[in-house]
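In what follows, a structure is listed as structure tokens, so that the remarks can point back to it.
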Amino acid sequence: MKVISEIHQKIDIPLLNKISDLFEYRMFPLLMDKIDETSEKKHDFYQNLTSLQTSIYHLDAHLEKNWIVDEKIRLEHWHNIITQTKKCLPKDMSPHSFLTHIHKYEKHELAIRNGKLPTRFKMEYFYFYKSCDVKLLRRLIYLFGNLESRFGSLTLWRDFDFVTEVNDDIEDVFEDMSFYNGNRFLIHLLVHGKKSAEKEFSEFLNNLKDKISIKLNSLKMDSFAYEINSFAFLQCENTLHLLSEKLEIIEMNRLNKESVLRGYLYKWV
């Protein structure tokens, strides 16, 4: 479903493409197609989702570009996030309870500046919160379309979110060298090296793959849960392949030289 064709002019094309790719990868169009509403209402709602994701990316960009965060600007971004979240909700619902995970993950990002690195967390815990924006938007889609009554709890997507967030970190490892962000794969490489990163991430992905495989054996092949878990299983295989490819071309001398975080990490490890 192509509903992002007429987004606000404030959104630049590269960012719009990034959001479109995110939504496709996280299967939002699939969910929207299952909603029994008019095309116009779905179009308007999807535009609101895009505006919300834009406001979240703007906060991310401020945190990623600035080691010392301007609190006034940070709060302005939060005001926009709250405003855009409210537009995606029924009028009688408050946006604040929907944003607790985003607040939590922001704390993880800010804590890096005090030497508290993502590697101190278990993988599942860290990536549960790193998928906060995706979970927020999917929760809003479920609410808008009353999908939980048809497809069950949002916990169905947990393993899918784990693997796709890990995939993002691995895919973006070179791009993120220029930013102050919580790319756990990059930080693990800088702190512990390639062998340790390979062990940690391959074990996590293989364990996740085995867990999903067991689920698939217990599900009906024509069920929605089977469809989502099948895609999650495929993403585990794809991400393991991506991990191998990236590790093959990663040069630790380059990472240590070019990563903006490296200079700060020396203080703590």
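Okay, residues lined up against (1) within 22 Å of Leu265 (Cβ to Cβ); (2) buried (at least 22 other Cβ atoms within 10 Å of the Cβ); (3) under 19 Å from the mean Cα position of the chain (by Cα); (4) of a type outside the set (A, V, I, L, M):
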{"residue": "Glu171", "(1), (2), (3), (4)": "yes, no, yes, yes"}
{"residue": "Asp176", "(1), (2), (3), (4)": "yes, no, yes, yes"}
{"residue": "Tyr180", "(1), (2), (3), (4)": "yes, no, yes, yes"}
{"residue": "Leu186", "(1), (2), (3), (4)": "yes, yes, yes, no"}
{"residue": "Leu189", "(1), (2), (3), (4)": "yes, yes, no, no"}
{"residue": "His192", "(1), (2), (3), (4)": "yes, no, no, yes"}
{"residue": "Ser196", "(1), (2), (3), (4)": "yes, no, no, yes"}
{"residue": "Asp210", "(1), (2), (3), (4)": "no, no, no, yes"}
{"residue": "Lys215", "(1), (2), (3), (4)": "no, no, no, yes"}
Going through the stretch 207-219 in order, the residues found to be in contact with a helix residue (DSSP H, G or I) (Cβ under 7 Å, 6 or more places away or on another chain) and assigned to a helix (DSSP H, G or I) are Leu208, Lys209, Lys211, Ile212, Ser213, Lys215, Leu216
Taking the stretch 116-157 and keeping only residues that are within 24 Å of Lys86 (Cα to Cα), within 16 Å of the chain's Cα centre (by Cα), among the aromatic types (Phe, Trp, Tyr) and open to solvent by less than 20 Å² (accessible area, probe 1.4 Å), one is left with Trp157
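Tell me whether the stretch 67-76 contains one or more residues that are modelled with pLDDT of 95 or more and buried (at least 20 other Cβ atoms within 10 Å of the Cβ).
No, the stretch 67-76 has no match at all.
Residues are listed down the side, and each one gets a yes or a no for (1) farther than 30 Å from Asn256 by Cα; (2) in a loop (DSSP other than H, G, I, E, B):
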| site | (1), (2) |
| --- | --- |
| Phe128 | no, no |
| Asp133 | no, no |
| Leu137 | yes, no |
| Leu140 | yes, no |
| Ser149 | yes, no |
| Thr164 | no, no |
| His188 | no, no |
| Phe204 | no, no |
| Met221 | yes, yes |
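Looking at the stretch 26-46 only, could you name the residues that are in contact (Cβ under 8 Å) with a residue 40 or more places away in the chain and surrounded by 14 or more Cβ atoms within 10 Å (Cβ to Cβ)?
The initial filter retains those residues of the stretch 26-46 that are in contact (Cβ under 8 Å) with a residue 40 or more places away in the chain, namely 26-28, 31-32, 34-37, 42-43, 45-46.
Answer for the stretch 26-46, where residues must be in contact (Cβ under 8 Å) with a residue 40 or more places away in the chain and surrounded by 14 or more Cβ atoms within 10 Å (Cβ to Cβ): Arg26, Met27, Phe28, Leu31, Met32, Ile35, Glu37, Lys42, His43, Phe45, Tyr46.
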Within the stretch 224-243, is there a residue that is more than 23 Å from the chain's Cα centre (by Cα) and either part of a helix (DSSP H, G or I) or surrounded by 15 or more Cβ atoms within 10 Å (Cβ to Cβ) (or both)? no
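The values are calculated or read from the model by the stated rules, or taken from the named source; none is laboratory data. None of the values given here were measured: they were computed from a predicted structure. Cβ: placed from backbone, ideal geometry, glycine included. Neighbour counts: every protein chain shown. Surface areas here come from the heavy atoms of the whole protein model, side chains and all, with no ligands, DNA or RNA. Shrake-Rupley method; radii C 1.70, N 1.55, O 1.52, S 1.80 Å.
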